[in-house]
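Here's the structure we're looking at; comments come further down.
The values are calculated or read from the model by the stated rules, or taken from the named source; none is laboratory data. Keep in mind it's a predicted model, so treat the numbers as computed, not measured. Reconstructed Cβ throughout: ideal geometry from the backbone, glycine too, with neighbour counts over all protein chains shown. For accessibility, only protein heavy atoms count, side chains too; no ligands or nucleic acids. Shrake-Rupley method; radii C 1.70, N 1.55, O 1.52, S 1.80 Å.
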Amino acid sequence: MLEVERLSCGYGAAVVLHELSLTVKRGEIVALIGPNGAGKTSTLQCIAGHVRATSGNVRFGGRDITALTPQARVRAGIAISPEGRKLFGDMTVRENLLVGGYSQPGRVAAYNMQRVLDMFPRLQERFGSMGRTLSGGEQQMVAIGRALMAQPDLILIDELSLGLMPKNVDICYAALDQLKQQGLAVLLVEQNLSKALAFSDRVYVLDSGRLVWSGSAKAARARGDLAATILGHAPAEAGAQEEALP
Ligand SMILES: Nc1ncnc2c1ncn2[C@@H]1O[C@H](COP(=O)(O)OP(=O)(O)OP(=O)(O)O)[C@@H](O)[C@H]1O
Ligand SMILES: [Mg+2]
């Protein structure tokens, strides 16, 4: 479904991603992991069209989308839940979700809204609450829900579990499993290595903007040294405390 071929991107003169190739198939959860500054967010933002590719290409459903605007990529079926969730603090949960459905006719948006609320019943309870009053976990549910409002075939999720209580990490991962069953493709950036390896089908490891390892999650799990030798740190675990919006 998604084919990234020798993709490079950067900011001004600085190249931060060097000829990365990766694929994500329908119904597959793929994790992109690596240390801070490795280029994980840049990769997702380049696939979503917010950061321009300097070389290489991105194909989606057999079509070259490298030159498309972010809006056209949403219409093509790619949605993103960005790093830091990026909710509108002065808008309600309902309004934040509606932002994600802007490209859909009203009837479709209403249907998708119901699907999001079925997936995250907690959001039904918080439906009229302002974004800034939500816990980190609730924010993440809204960010995923907002992406789903666009009815994507591929969802890009940056830092799924960062700052979330373990209970909410489980809720979010259960949602990913459900999406996988429905045939969606997921490209996931995750600091929590044990969760990433437990839930994904395949793993790509980036370091300094370059691919340093890729393989099945099973092979990654068998490599007990993955965290220490490739990431240079022990696996991060979900925090006990959630951060609210500032
Ligand atoms: N808007 C920007 N302008 C200039 N440089 C940037 C910008 N965003 C990221 N970078 C640089 O690009 C490199 C890759 O950053 P990126 O945010 O993609 O990494 P990451 O793997 O997502 O890191 P983290 O784990 O900290 O989220 C870093 O050196 C970073 O400083
Ligand atoms: Mg990042």
Legend entry - For a label point 7 Å along the Cα-to-beta-carbon line of Lys86, residues of segment 49-74 with backbone N under 16 Å: 49-53, 69-74
Legend entry - Percent of Cα-Cα distances greater than 26 Å, calculated over segment 2-231: 34 percent
Inset, instruction - Write down the accessible area per residue of segment 2-231 in Å², having rolled a 1.4 Å probe over the full set of protein chains. - result: 42 Å²
Legend entry - segment 2-231: antiparallel DSSP beta bridges as a percent of all, rounded to 5: 55 percent
Legend entry - Span from the segment 1-67 Cα centroid across to the segment 126-161 one, whole angstrom: 22 Å
Inset, instruction - For the chain, give the percent of accessible area contributed by carbon and sulfur heavy atoms, probe 1.4 Å, rounded to a whole number. - result: 52 percent
Inset, instruction - With only Lys, Arg, Asp and Glu charged, each at its Cβ (+1 for the first two, -1 for the last two), find how big the charge dipole of segment 2-231 is about the Cα centre; round to the nearest 20 debye. - result: 280 debye
Legend entry - the chain, helix-only ellipticity at 222 nm - DSSP H runs n ≥ 4, -39,500 (n - 2.57), divided by all residues, nearest 500: -10000 deg cm²/dmol
Legend entry - GNM flexibility winner over the chain from Asp153, Asp118, Asp201 (Cα, springs under 10 Å): Asp118
Legend entry - Relative contact order %, segment 113-222, counting alpha carbon pairs below 8 Å whose residues are six or more apart: 20 percent
